[in-house]
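To start, the structure itself, in structure tokens.
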Amino acid sequence: MTITQLNYIIAVDNHRHFGRAAEACFVTQPTLSMQIQKLEDQLGVIIFDRNKQPVEPTLIGKKLIAQARNVVAQANTLEQLAQVETGLLRGEFRLGIIPTVATNLIYRFVDRFRRELPEIHLIIEELRTDQIIEGLKLNKLDAGILATPLEHKSVTEIPIYYEPFMAFVPEGHRLAGDEFVLSSELDMADMLLLNEGHCFRASVINLCGKSQESKRKIELESGNFETLIKLAQLGYGMTLLPYLTAIDLPQELRTFVKPIAEPTPTREISIVYSTAHTKSAVIEKLEPLLRKSVPERLLFEKNTVVNPI
């Protein structure tokens, strides 16, 4: 039994397809299949039911794969400990980031990451919160960046910064003449929202009041803030933006951005990782690096954190 064989059965479980698993492991399908067959012969059990499409693990296979994930994680921990001792971190680091954070954060920290951790191959994926949690659970990701608190037992959360909500109020809107917006003035009847699945959408609904969601006159939703802004300019309402998104807008659009009065609704952005994490050394480097990448004013919790779920 080898770590390579364990990685192969984990890959097949992740992809539920021998061909895609082989591609992910950078080997040919016959090589991967032969090694898994050898492991099954050695253990005297069938790990995968090959008659089903997609491929499924057998009952004993599920137990073996779960244990294989633990063994591989521990092996990675040994490697990390050795790298810390030698002072050179290398290998892959898989990071999931929710879309409403990714657009305005990734470009702020990738150069720093490359300079400080030149031997780490950073793989970034834009994923929803539930996909990040599942990826951490299955060891498909090493860490995630998302809105918290989640209070999920299987992950550890390290708050990095606190991002205020900003109001985008177009010309002609009932709040257009105000210098700032009160939380009590926010009305779901003219609020443009992101699509289902975005935690920022959930935060806005929690802020405005879930009971008001049915008051919306026209339900126009989008997967990105750019579309919401364009819809607002066409007169379909207003929207809320995270601070980094707002300050990255072109100057002609920033004139429509208004602060929300204190206590300002805010989202907490954290690094999250599995409680059985294996790459803590990289996470320890990433944590201060991210803090250096955002405006200093976001590093302190001054306002009301809105629940993202």
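Given R0 = 51 Å, the distance between the Cβ atoms of Glu301 and Met34 translates into a calculated FRET efficiency of 0.40.
The candidate values are (1) 16.8; (2) 20.0; (3) 18.8; the one derived from this structure for mean projected area of the Cα convex hull in nm² carries the label (3). Helix 3-15 and the long axis of the chain differ in direction by around 50°, with both axes built from C-alpha atoms.
About the centre of its Cα atoms, the chain shows a dipole size close to 540 debye [charges on the beta carbon of Lys, Arg (+1) and Asp, Glu (-1) only; nearest 20 debye].
Given springs between every Cα pair under 10 Å in a Gaussian network model of the chain, which of Ile205, Ile123, Ile145 has the largest fluctuation? Among Ile205, Ile123, Ile145, the largest GNM mean-square fluctuation belongs to Ile123.
Between 0 and 90 degrees, rounded to the nearest ten: what's the tilt of helix 199-208 against the longest Cα principal axis of the chain? Here the helix axis deviates by roughly 30 degrees. Report the relative contact order of the stretch 162-265, percent, no decimals, based on alpha-carbon pairs under 8 angstrom and at least 6 residues apart. Relative contact order of the stretch 162-265: 49 percent.
What ranking do 68-77, 231-240, 22-31 get when scored by the average of other Cβ atoms within 10 Å per residue, highest first?
Output ranking for 68-77, 231-240, 22-31: 231-240, 68-77, 22-31.
Rounded to 0.05, the FRET efficiency of the Thr255 and His121 pair, given R0 = 45 Å and the Cβ-Cβ distance, is 0.60. Under a Gaussian network description of the chain, with springs only between Cα atoms under 10 Å, the residue in Ile60, Ile269, Ile120 that fluctuates furthest is Ile60.
Overall, the stretch 1-60 carries a charge dipole of about 100 debye about its Cα centre when +1 sits on the Cβ of Lys and Arg and -1 on the Cβ of Asp and Glu, all other atoms neutral.
About the centre of its Cα atoms, the stretch 218-309 shows a dipole size close to 240 debye [charges on the beta carbon of Lys, Arg (+1) and Asp, Glu (-1) only; nearest 20 debye].
Positive end of the charge dipole of the chain (Lys, Arg +1 and Asp, Glu -1 on Cβ, about the Cα centre): tell me which of Ala189, Ala11, Asn139 has its Cα farthest that way. Going by the Cα projections, it comes out as Ala11. Can you pick out the pairs among Lys230/Lys258; Lys258/Lys292; Lys140/Lys279; Lys62/Lys140; Lys63/Lys153 whose Cα atoms lie more than 19 Å from each other? Distance filter (> 19 Å) returns Lys258/Lys292; Lys63/Lys153. Near Thr239, the amide H atoms lying under 5 Å from its own belong to Phe168, Leu192; only residues 5 or more places off or on other chains count, and H is placed 1.01 Å from N.
Read-outs throughout are calculated quantities, based only on the coordinates presented, and are distinct from any laboratory measurement. Quick caveat, the model's predicted, so the values are computed rather than measured. Glycine also receives a Cβ, built like all others from the backbone with ideal geometry; neighbour counts cover every protein chain displayed.
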